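Enquirer: Encoded as structure tokens, here's the structure I'll be asking about.
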Amino acid sequence: MPASAINFNGLNIAQAYTFVAELAAVPKTRYLHLAEAAPSLHPAGREAGDTAIAQLLSELVLAYLHGYQRRKP
């Protein structure tokens with residue numbers, strides 16, 4: 001995912017989805033913070049970056065909601 005800061009570590013999309021869903025299932029988790037992305041730095045251009053980032057952020061929000069639904073009181 002294009003970002004404004006260099007980072008040599010990372011997760012693939014499936015790992016990120018699982019990570020967010022698992023954390024959301026923890027009762028003490030209160031919110032999800034998704035950092036900014038940099039669509040203009042996408043190798044295929046701004047439009048492709050907008051699409052890729054919108055899809056990923058949507059998936060991560062859904063992962064949070066799915067994890068939240070699995071919470072045990």
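Only the coordinates and a few stated rules stand behind these numbers; no lab work does. All of these numbers come straight from a predicted model, not from anything done at the bench. Methodologically, a virtual Cβ is constructed for each residue, glycine included, from the backbone with ideal geometry; neighbour enumeration extends over all protein chains shown.
Enquirer: Could you please tell me which pairs satisfy a Cβ distance under 9 Å, a separation of 6+ or placement on different chains, a first residue in the stretch 11-32 that is within 16 Å of K72 (Cβ to Cβ), and a second residue that is of a type in the set (F, W, Y) and surrounded by 14 or more Cβ atoms within 10 Å (Cβ to Cβ)?
Expert: Between residues of the stretch 11-32 that are within 16 Å of K72 (Cβ to Cβ) and residues that are of a type in the set (F, W, Y) and surrounded by 14 or more Cβ atoms within 10 Å (Cβ to Cβ), the close pairs are A21/Y64; A21/Y68; L23/Y64; A24/Y64; A24/Y68; A25/Y68; T29/Y64; T29/Y68.
Enquirer: Of (1) exposed (fewer than 13 other Cβ atoms within 10 Å of the Cβ); (2) part of a loop (DSSP other than H, G, I, E, B); (3) among the hydrophobic types (A, V, I, L, M, F, W, C), A14 satisfies all except one. Which?
Expert: Condition (2) is where A14 drops out.
Enquirer: Something else: Could you tell me whether any residue of the stretch 28-38 is out of contact with any strand residue (DSSP E or B) (no Cβ under 6 Å at 6 or more places or on another chain), part of a helix (DSSP H, G or I) and exposed (fewer than 15 other Cβ atoms within 10 Å of the Cβ)?
Expert: No, the conditions are met nowhere in the stretch 28-38.
Enquirer: If you check every pair at least six apart or on different chains, which have Cβ atoms under 7 Å apart with a residue in the stretch 52-73 that is over 20 Å from P2 (Cβ atoms) first and a residue that is outside any helix (DSSP H, G or I) second?
Expert: Y64/L32; G67/A25; R70/A25; R71/A25; R71/P27
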